1. What do you get for Rg/Rh of region 194-329 when both radii come from the Cα atoms and Rh is the Kirkwood radius?
2. Modelled label-to-label distance, LYS32 and ASP254, 7 Å Cα→beta-carbon offset: nm?
3. HIS210's amide H: which non-local residues (gap 5+, or another chain) put their own amide H closer than 5 Å, with H modeled 1.01 Å from N in plane and none for Pro or chain starts?
4. Can you give the FRET efficiency for THR174 and LYS312, using 1/(1 + (r/R0)^6), R0 = 45 Å, r = Cβ-Cβ distance, to the nearest 0.05?
5. Once you place label points 7 Å from the Cα toward the Cβ at LYS123 and ASP199, how far apart are they in nm?
6. Over region 32-327, what portion of Cα pair distances is larger than 30 Å, expressed as a whole percent?
7. For an R0 of 45 angstrom, estimate the FRET efficiency from the Cβ-Cβ distance between GLU104 and VAL79 and round to the nearest 0.05.
8. Is any helix in the chain, taking whole DSSP H runs, at least 18 angstrom long along its axis by alpha carbon and on average at least -0.5 on the Kyte-Doolittle scale, and which ones?
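Please treat every number below as a calculation from the coordinates, not as lab data. Just so you know, these numbers come straight off a predicted model, no measurement behind them. Backbone-built Cβ (ideal geometry, glycine too); neighbour counts: all protein chains shown.
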Amino acid sequence: MVKKILKEAVKALLYVVLFAVVGLVVFLYSPKSVTSLNYDIDKSSPYDTRESRQELYGRFDSFILNQATSTPFVGWFVVSKGRKLFELRSKGIVDEINSSVVPEGKIKVWYIYNMGVVAKTSKHTIAFDIAAPYLSFSFRGIGDLADIILTSHTHGDHYDTWVLKKGKNLVFPTGTYLAKSYKDKNLYELESGQKVKIDGVSVTAFQTDHRRDQNFDFPVAWYLVEVDGFKLVHTGDGFNFKNIKERDFLYTQDIDILFANNQTVPFNIRDLSPKVVIPLHMHEIMHTKGYLETDGFSDVASSFAKEADSLKGITPYLLFWGESIEYPK
Ligand SMILES: [Zn+2]
Ligand SMILES: [Zn+2]
């Protein structure tokens, strides 16, 4: 009897081990369509204006749509080609940022994922809205290397708890439930219009609504960051300002780089008149397929093309996950 139970238990254990091994292989295996796209992005450059770069944008849009699902549940990310590509694109990104020496008078910017970017000067490293698809790992060390981590709001595609819990200085708009988990950090919960200085970097938050919903009670922020002579603006998912005077104040600022949600239309970008605009919140694979159909490179490119006059003198950069630019070029 005991022998029989033991035999059954060993059998069950073998099934569990087999299942785990197969799962791990499926999780780690990257099909050719993923590795070849990654290879071609690696060979390309954000400064490249040739036709081949444009084709790559189209190929990336199609790749994301082809692998998308109408219900992206966590288990799906084990097989998701989007996550696999992200994992390849973000492999080594932490070491790359760490070892990059940025000369004085320059700033280097890496695009991580969705609205997530890291900006590095000769003295500071600032991270905005660092998130990633479920079951991604390579990007997490950004929490250790950033001097300041800013989170625009508490939607899951704009923060990552692994990253936040490693951070030193964390910035949130006031009133989030999330900030309360990080009382042991240097925590800055900013009111609309409030400016703080953190290790020599100025940060100002501005309360906005969320994707034009006209609700100004949910904490959502745009940030103005002044670091080593550069002015950066990050829009999160914000669109309309609670306080119009604060928006008008931003219009008077000499903005170097605008990290703009793809909802930020050329008309608004013109009024902010940054030197460089980096459109973000594209290819966010934790959203549904229907959502992804309207937030690809091609959607931003056509919206920019329609309002080309508004964007005169402003340099746009469309970046792939893990790519970086230096400013001034
Ligand atoms: Zn959101
Ligand atoms: Zn979002």
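1. Numbers: Rg = 15.0 Å, Rh = 15.7 Å.
My calculation puts Rg/Rh at 0.95.
2. Here the answer is 5.4 nm between the modelled labels.
3. The answer is ASN215.
4. Working: r = 37 Å, r/R0 = 0.83.
About 0.75, to the nearest 0.05.
5. Here the answer is 1.2 nm between the modelled labels.
6. On the way: 11322 of 43660 pairs.
Tail fraction, whole percent: 26.
7. Working: r = 46 Å, r/R0 = 1.02.
Computed FRET efficiency for GLU104 and VAL79: 0.45.
8. Numbers: long enough: 2-28 (39 Å, 1.89); 51-67 (24 Å, -0.92).
Long hydrophobic helices here: 2-28.
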